[in-house]
Amino acid sequence: MRDDMHTPWSDVVDLLVFADNQDPEGYGVQAAQRRSLFCNWLSGVSQNEFYLSNKQGLQATDSVELQRVDYNGERWAEFSGRRYRVVRTFPSSFDVITLILSEVVR
């Protein structure tokens, strides 16, 4: 099998929602609610997306395609141990949505 062949919808991305909770001592703790979804991971972004994100002071690094019915407006994603912020979304087709991501250094 060739190295450049990739099975569609075989990648898994975790979408995150952070909820503010309190620990037993009353201190604020952010707990992440995580959902794992099958996706098409697209390494890199187009030149236009890179330019538009830089105009807003962000740096778009990657993108991912999800089934539109699976996306609930989450603003954070995690893939291969790296955390990303969702910069923008747009419909790719009738049932697919693309998320443009910016890597967050922790």
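Taken together, the values in this text are just the output of simple stated rules run on the coordinates, not laboratory data. These numbers were taken from a predicted model, which means no experiment stands behind them. All Cβ positions, even for glycine, are placed from backbone atoms using ideal geometry, and neighbour counts span all protein chains on display.
Each peptide in 84-96, 60-72 gets a packing score, the mean of other Cβ atoms within 10 Å over its residues, and the list from highest to lowest is 60-72, 84-96. Between Arg75 and Asn21, the modelled label-to-label distance comes to 2.0 nm, taking each label 7 Å out from Cα in the direction of the beta carbon.
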